[in-house]
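Reading through the C-alpha coordinates given below for one structure.
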Amino acid sequence: MGMQYSDEELIKLSPNFSSHYAEVNGTKLHYVSGGQGEPLFLIPGYPETWWAYHKVLSILEVKYHVVVVEMRGMGSSDKPTGGYEKKNMAKDIHELVKILGFDKVNIGGHDIGAHVAFSFAANYPETTSKLIVLDTPHPDAGMYHLPMLPIPGSKYLYPWWLAFNQVKELPEQLLTGRMEIVIDWLFNNLMKDQKSLNDFDKAVYAFAYNNKDAIRASNTWYQAFPQDIEDSKTYNKLTMPVIGIGGSGYEMLQMSLPNTATDLQLKKVEESGHFILAEKPNETARFIIEFLG
(Lines give C-alpha, C1' and ligand atoms only; values in the text may rest on other atoms or scores of the structure.)
Protein backbone atom coordinates (compact mmCIF):
# COMPACT_ATOMS: atom_id res chain seq x y z
CA MET A 1 0.00 0.00 0.00
CA GLY A 2 1.11 3.53 -0.73
CA MET A 3 3.90 2.66 -3.17
CA GLN A 4 2.65 5.34 -5.58
CA TYR A 5 3.39 7.92 -2.84
CA SER A 6 7.01 6.84 -2.40
CA ASP A 7 9.90 9.08 -3.49
CA GLU A 8 10.85 6.50 -6.15
CA GLU A 9 7.47 6.94 -7.84
CA LEU A 10 7.02 10.68 -7.18
CA ILE A 11 10.41 11.61 -8.63
CA LYS A 12 9.30 10.10 -11.97
CA LEU A 13 6.70 12.89 -12.12
CA SER A 14 9.51 15.49 -12.01
CA PRO A 15 11.55 14.09 -14.91
CA ASN A 16 14.70 16.22 -14.61
CA PHE A 17 15.05 15.70 -10.86
CA SER A 18 16.67 12.91 -8.87
CA SER A 19 16.45 11.77 -5.25
CA HIS A 20 19.48 11.70 -2.90
CA TYR A 21 20.56 11.25 0.72
CA ALA A 22 23.38 12.85 2.72
CA GLU A 23 24.72 12.37 6.25
CA VAL A 24 24.96 15.78 7.93
CA ASN A 25 25.29 16.98 11.53
CA GLY A 26 24.62 13.50 12.92
CA THR A 27 21.48 12.85 10.87
CA LYS A 28 20.48 11.76 7.37
CA LEU A 29 18.66 14.17 5.08
CA HIS A 30 16.74 13.39 1.91
CA TYR A 31 16.78 15.91 -0.93
CA VAL A 32 15.83 16.12 -4.59
CA SER A 33 17.87 18.11 -7.08
CA GLY A 34 17.85 19.14 -10.72
CA GLY A 35 18.27 22.05 -13.12
CA GLN A 36 21.14 24.25 -14.22
CA GLY A 37 22.55 27.52 -12.91
CA GLU A 38 23.05 29.21 -9.55
CA PRO A 39 22.20 27.00 -6.54
CA LEU A 40 18.73 27.54 -5.05
CA PHE A 41 17.97 25.56 -1.86
CA LEU A 42 14.29 25.28 -0.93
CA ILE A 43 12.78 23.88 2.28
CA PRO A 44 9.13 22.80 2.66
CA GLY A 45 6.90 23.30 5.70
CA TYR A 46 4.18 21.53 7.71
CA PRO A 47 2.36 19.29 6.81
CA GLU A 48 4.23 18.78 3.54
CA THR A 49 7.35 17.18 2.02
CA TRP A 50 9.58 18.00 -0.96
CA TRP A 51 6.43 17.43 -3.05
CA ALA A 52 5.25 20.91 -1.90
CA TYR A 53 7.51 22.38 -4.61
CA HIS A 54 6.55 19.99 -7.43
CA LYS A 55 4.49 22.61 -9.31
CA VAL A 56 7.38 25.10 -9.48
CA LEU A 57 10.29 22.74 -10.19
CA SER A 58 9.84 22.78 -13.98
CA ILE A 59 9.76 26.61 -13.94
CA LEU A 60 12.78 27.08 -11.66
CA GLU A 61 15.01 24.33 -13.12
CA VAL A 62 15.47 26.35 -16.33
CA LYS A 63 17.45 29.04 -14.46
CA TYR A 64 18.70 27.42 -11.25
CA HIS A 65 20.27 24.29 -9.84
CA VAL A 66 17.37 23.55 -7.47
CA VAL A 67 17.84 21.49 -4.30
CA VAL A 68 14.66 20.80 -2.30
CA VAL A 69 15.63 19.53 1.15
CA GLU A 70 13.40 17.60 3.52
CA MET A 71 14.55 18.96 6.86
CA ARG A 72 15.22 16.80 9.90
CA GLY A 73 11.98 15.03 10.84
CA MET A 74 10.31 15.39 7.42
CA GLY A 75 9.44 12.85 4.73
CA SER A 76 12.31 10.47 4.02
CA SER A 77 14.82 12.32 6.21
CA ASP A 78 15.74 10.90 9.62
CA LYS A 79 13.52 11.58 12.62
CA PRO A 80 15.93 11.74 15.58
CA THR A 81 14.69 12.50 19.09
CA GLY A 82 16.31 15.95 19.25
CA GLY A 83 17.96 18.78 17.37
CA TYR A 84 14.81 20.50 16.08
CA GLU A 85 15.84 24.01 17.07
CA LYS A 86 15.82 26.00 13.82
CA LYS A 87 19.43 27.06 14.43
CA ASN A 88 20.51 23.40 14.49
CA MET A 89 18.31 22.55 11.49
CA ALA A 90 20.02 25.43 9.66
CA LYS A 91 23.31 23.74 10.54
CA ASP A 92 21.99 20.54 8.92
CA ILE A 93 21.35 22.50 5.70
CA HIS A 94 24.70 24.33 5.91
CA GLU A 95 26.58 21.03 6.10
CA LEU A 96 24.62 19.78 3.09
CA VAL A 97 25.55 22.94 1.16
CA LYS A 98 29.23 22.28 1.95
CA ILE A 99 29.02 18.57 1.03
CA LEU A 100 27.51 19.53 -2.33
CA GLY A 101 30.45 21.86 -2.88
CA PHE A 102 28.77 25.28 -2.87
CA ASP A 103 30.34 28.42 -1.35
CA LYS A 104 27.19 30.57 -1.53
CA VAL A 105 23.57 29.68 -2.19
CA ASN A 106 20.19 31.29 -2.57
CA ILE A 107 17.89 29.81 0.04
CA GLY A 108 14.15 29.87 0.63
CA GLY A 109 11.51 28.13 2.66
CA HIS A 110 7.78 27.95 3.30
CA ASP A 111 6.16 27.76 6.75
CA ILE A 112 8.53 25.88 9.15
CA GLY A 113 10.92 25.70 6.19
CA ALA A 114 10.94 29.51 6.16
CA HIS A 115 12.02 29.45 9.83
CA VAL A 116 14.96 27.22 8.86
CA ALA A 117 15.87 29.30 5.79
CA PHE A 118 15.80 32.52 7.84
CA SER A 119 17.91 30.87 10.53
CA PHE A 120 20.38 29.75 7.84
CA ALA A 121 20.74 33.34 6.59
CA ALA A 122 21.11 34.68 10.16
CA ASN A 123 23.75 32.11 11.17
CA TYR A 124 25.61 31.74 7.86
CA PRO A 125 25.39 35.14 6.16
CA GLU A 126 28.64 34.51 4.32
CA THR A 127 27.06 31.44 2.67
CA THR A 128 23.78 33.20 1.79
CA SER A 129 23.42 35.08 -1.51
CA LYS A 130 19.71 35.89 -1.19
CA LEU A 131 16.87 34.77 1.14
CA ILE A 132 13.28 33.94 0.13
CA VAL A 133 10.67 33.82 2.92
CA LEU A 134 7.40 32.20 1.82
CA ASP A 135 4.33 33.20 3.85
CA THR A 136 5.79 32.74 7.36
CA PRO A 137 8.33 34.78 9.36
CA HIS A 138 10.75 33.30 11.91
CA PRO A 139 9.26 32.74 15.40
CA ASP A 140 9.49 35.76 17.69
CA ALA A 141 8.16 36.71 21.12
CA GLY A 142 4.86 37.85 19.59
CA MET A 143 3.91 34.16 19.42
CA TYR A 144 3.42 34.19 23.19
CA HIS A 145 0.45 36.50 22.63
CA LEU A 146 -1.43 34.28 20.20
CA PRO A 147 -5.02 33.90 21.44
CA MET A 148 -5.94 30.78 23.37
CA LEU A 149 -9.51 31.14 22.11
CA PRO A 150 -10.93 32.02 18.70
CA ILE A 151 -11.86 35.73 18.61
CA PRO A 152 -15.54 36.14 17.64
CA GLY A 153 -16.00 37.93 14.31
CA SER A 154 -12.25 37.93 13.61
CA LYS A 155 -10.96 37.18 10.10
CA TYR A 156 -7.92 35.72 11.86
CA LEU A 157 -7.90 31.92 11.65
CA TYR A 158 -7.43 30.45 15.12
CA PRO A 159 -4.15 28.43 14.93
CA TRP A 160 -5.09 25.69 17.43
CA TRP A 161 -2.50 23.26 15.97
CA LEU A 162 0.37 25.48 17.22
CA ALA A 163 -0.77 24.68 20.76
CA PHE A 164 -1.82 21.08 20.04
CA ASN A 165 1.60 20.31 18.55
CA GLN A 166 3.26 21.53 21.75
CA VAL A 167 1.79 18.56 23.64
CA LYS A 168 4.19 15.64 23.96
CA GLU A 169 3.11 12.04 23.15
CA LEU A 170 -0.65 12.64 23.02
CA PRO A 171 -0.85 13.71 19.33
CA GLU A 172 0.83 10.57 18.04
CA GLN A 173 -1.37 8.40 20.29
CA LEU A 174 -4.48 10.09 18.87
CA LEU A 175 -3.43 10.49 15.25
CA THR A 176 -1.23 7.55 14.19
CA GLY A 177 -3.04 6.06 11.20
CA ARG A 178 -5.48 8.99 11.13
CA MET A 179 -3.25 11.95 10.34
CA GLU A 180 -5.14 12.57 7.07
CA ILE A 181 -7.94 14.07 9.20
CA VAL A 182 -5.64 16.88 10.36
CA ILE A 183 -3.99 17.25 6.94
CA ASP A 184 -7.39 17.60 5.22
CA TRP A 185 -8.52 20.13 7.82
CA LEU A 186 -5.40 22.26 7.42
CA PHE A 187 -5.56 22.35 3.63
CA ASN A 188 -9.32 22.91 3.57
CA ASN A 189 -9.10 25.80 6.02
CA LEU A 190 -5.79 27.43 5.08
CA MET A 191 -6.37 27.58 1.30
CA LYS A 192 -8.58 29.91 -0.71
CA ASP A 193 -8.92 27.43 -3.58
CA GLN A 194 -9.18 23.88 -2.22
CA LYS A 195 -9.11 22.47 -5.78
CA SER A 196 -5.47 23.55 -6.23
CA LEU A 197 -4.44 20.62 -4.05
CA ASN A 198 -5.84 17.33 -5.29
CA ASP A 199 -6.56 14.06 -3.50
CA PHE A 200 -3.27 12.59 -4.73
CA ASP A 201 -1.29 15.48 -3.17
CA LYS A 202 -3.11 15.05 0.14
CA ALA A 203 -2.46 11.31 0.06
CA VAL A 204 1.27 11.97 -0.51
CA TYR A 205 1.36 14.07 2.69
CA ALA A 206 -0.82 11.66 4.70
CA PHE A 207 1.50 8.80 3.66
CA ALA A 208 4.52 10.79 4.90
CA TYR A 209 3.04 11.90 8.25
CA ASN A 210 0.80 8.98 9.17
CA ASN A 211 3.10 7.22 11.61
CA LYS A 212 4.16 7.73 15.20
CA ASP A 213 7.71 8.95 14.47
CA ALA A 214 6.62 11.42 11.79
CA ILE A 215 3.97 12.95 14.06
CA ARG A 216 6.40 13.16 16.98
CA ALA A 217 9.16 14.69 14.86
CA SER A 218 6.98 17.27 13.11
CA ASN A 219 5.50 18.33 16.45
CA THR A 220 9.02 18.83 17.78
CA TRP A 221 9.52 21.59 15.17
CA TYR A 222 6.81 23.44 17.12
CA GLN A 223 8.07 22.45 20.56
CA ALA A 224 11.38 24.15 19.73
CA PHE A 225 9.71 27.57 19.26
CA PRO A 226 10.68 28.90 22.73
CA GLN A 227 14.36 28.23 21.98
CA ASP A 228 13.95 29.62 18.44
CA ILE A 229 12.55 32.82 19.93
CA GLU A 230 15.55 33.10 22.30
CA ASP A 231 17.96 32.45 19.41
CA SER A 232 16.26 35.11 17.27
CA LYS A 233 17.12 37.74 19.91
CA THR A 234 20.83 37.14 19.24
CA TYR A 235 20.67 37.60 15.45
CA ASN A 236 21.98 40.69 13.67
CA LYS A 237 19.81 42.30 11.03
CA LEU A 238 20.18 40.48 7.72
CA THR A 239 22.09 42.52 5.14
CA MET A 240 21.75 40.23 2.09
CA PRO A 241 18.74 40.81 -0.23
CA VAL A 242 15.58 39.33 1.31
CA ILE A 243 12.14 38.86 -0.23
CA GLY A 244 8.94 38.04 1.64
CA ILE A 245 6.28 36.46 -0.61
CA GLY A 246 2.96 36.02 1.14
CA GLY A 247 -0.61 34.92 0.56
CA SER A 248 -2.65 34.87 3.76
CA GLY A 249 0.62 35.38 5.68
CA TYR A 250 1.50 38.62 3.87
CA GLU A 251 0.58 40.87 6.82
CA MET A 252 2.73 38.80 9.18
CA LEU A 253 5.71 39.17 6.82
CA GLN A 254 4.97 42.90 6.59
CA MET A 255 5.06 43.20 10.37
CA SER A 256 8.12 41.01 10.99
CA LEU A 257 10.62 41.31 8.13
CA PRO A 258 11.28 45.09 8.22
CA ASN A 259 12.65 44.60 11.77
CA THR A 260 15.03 41.82 10.70
CA ALA A 261 16.26 42.74 7.19
CA THR A 262 17.83 45.88 5.72
CA ASP A 263 17.50 45.06 1.98
CA LEU A 264 13.88 43.91 1.73
CA GLN A 265 11.18 43.41 -0.88
CA LEU A 266 7.64 42.31 -0.05
CA LYS A 267 5.30 40.73 -2.61
CA LYS A 268 1.67 39.76 -2.13
CA VAL A 269 0.25 36.70 -3.88
CA GLU A 270 -3.34 37.75 -4.54
CA GLU A 271 -6.29 35.40 -4.01
CA SER A 272 -4.27 32.80 -2.12
CA GLY A 273 -4.27 31.27 1.31
CA HIS A 274 -1.20 29.96 3.15
CA PHE A 275 -0.13 27.31 0.61
CA ILE A 276 1.03 29.68 -2.14
CA LEU A 277 3.17 27.02 -3.87
CA ALA A 278 0.08 24.86 -4.42
CA GLU A 279 -2.45 27.64 -5.05
CA LYS A 280 -0.42 30.13 -7.10
CA PRO A 281 2.71 28.32 -8.31
CA ASN A 282 3.23 30.48 -11.43
CA GLU A 283 2.96 33.78 -9.56
CA THR A 284 5.13 32.55 -6.68
CA ALA A 285 7.80 31.23 -9.07
CA ARG A 286 7.72 34.50 -11.06
CA PHE A 287 8.35 36.53 -7.87
CA ILE A 288 11.28 34.20 -7.00
CA ILE A 289 12.83 34.48 -10.48
CA GLU A 290 12.43 38.28 -10.64
CA PHE A 291 14.06 38.57 -7.21
CA LEU A 292 16.98 36.27 -7.96
CA GLY A 293 17.53 37.87 -11.38
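The values are calculated or read from the model by the stated rules, or taken from the named source; none is laboratory data. All values reported here derive from a predicted model rather than from experimental measurement. All Cβ positions, glycine included, derive from the backbone under ideal geometry; neighbour counts span all protein chains shown. Just the protein is used for accessible areas: all its heavy atoms, side chains included, with ligands, DNA and RNA removed. Shrake-Rupley method; radii C 1.70, N 1.55, O 1.52, S 1.80 Å.
Using a 1.4 angstrom probe and counting only protein chains, how large is the accessible area of K12 in Å², to 10?
Answer for K12: close to 130 Å² accessible.
What nm value, rounded to one decimal, do you get for the distance between I181 and E23 when each label is placed 7 Å out toward the C-beta?
Calculated label separation equals 4.0 nm.
Considering the dipole of the chain built from charges on the beta carbon (Lys and Arg +1, Asp and Glu -1) around the Cα centre, which of Q223, Y64, L238 is farthest to its positive end?
Of the options given, the answer is L238.
Using a simple charge model, +1 on the beta-carbon of Lys and Arg, -1 on the beta-carbon of Asp and Glu, nothing else, what dipole does the stretch 91-176 show about its Cα centre, in debye to the nearest 20?
The dipole magnitude comes to about 160 debye.
Using a 1.4 Å probe, what is the accessible area per residue for the stretch 155-293, in Å²?
Counting only protein heavy atoms, the per-residue value for the stretch 155-293 is 48 Å².
Could you please state, rounded to a whole Å, how far the C-alpha centre of the stretch 236-293 is from the C-alpha centre of the stretch 73-140?
16 Å
Whose amide H sits under 5 Å from the amide H of D263, counting only residues 5 or more places off or on another chain, with H placed in the peptide plane?
Under 5 Å from the amide H of D263: V242.
Quick one: dipole size for the chain, taken about the Cα centre, charges +1 on Lys/Arg Cβ and -1 on Asp/Glu Cβ, in debye to the nearest 20. Write down the numbers at each step before the final one.
Details: 26 positive and 35 negative charges, 53 e Å.
Dipole size: approximately 260 debye.
If you average the sequence gap of Cα pairs under 8 Å that are 6 or more apart and divide by the length of the stretch 23-155, what percent do you get for the contact order?
25 percent
In percent, how large is the relative contact order of the stretch 109-189, given Cα pairs closer than 8 Å and 6 or more residues apart?
Computed value for the stretch 109-189: 21 percent relative contact order.
Provide, for q = 0.07, 0.14 Å⁻¹, the log10 of I(q)/I(0) from a solvent-free Debye sum over equal Cα point scatterers in the chain.
Treating every Cα as an identical point scatterer, log10 I(q)/I(0) equals -0.22, -1.01.
Taking only C-alpha pairs under 8 Å that are 6+ residues apart, what is the relative contact order of the chain in percent? Provide the component values of the computation, followed by the final result.
Working: 557 pairs, mean separation 54.8, N = 293.
It rounds to 19 percent for the chain.
Taking amide H positions as placed 1.01 Å from N in the peptide plane, with prolines and chain starts having none, which residues 5 or more places from E38, or on another chain, fall under 5 Å of its amide H?
Excluding prolines and chain starts, which carry no amide H, the hits are H65.
What is the count of Lys pairs in the stretch 95-247 whose alpha carbons sit under 22 Å apart, if the two are 8 or more places apart or on different chains?
Eligible lysine pairs with Cα atoms under 22 Å apart amount to 10.
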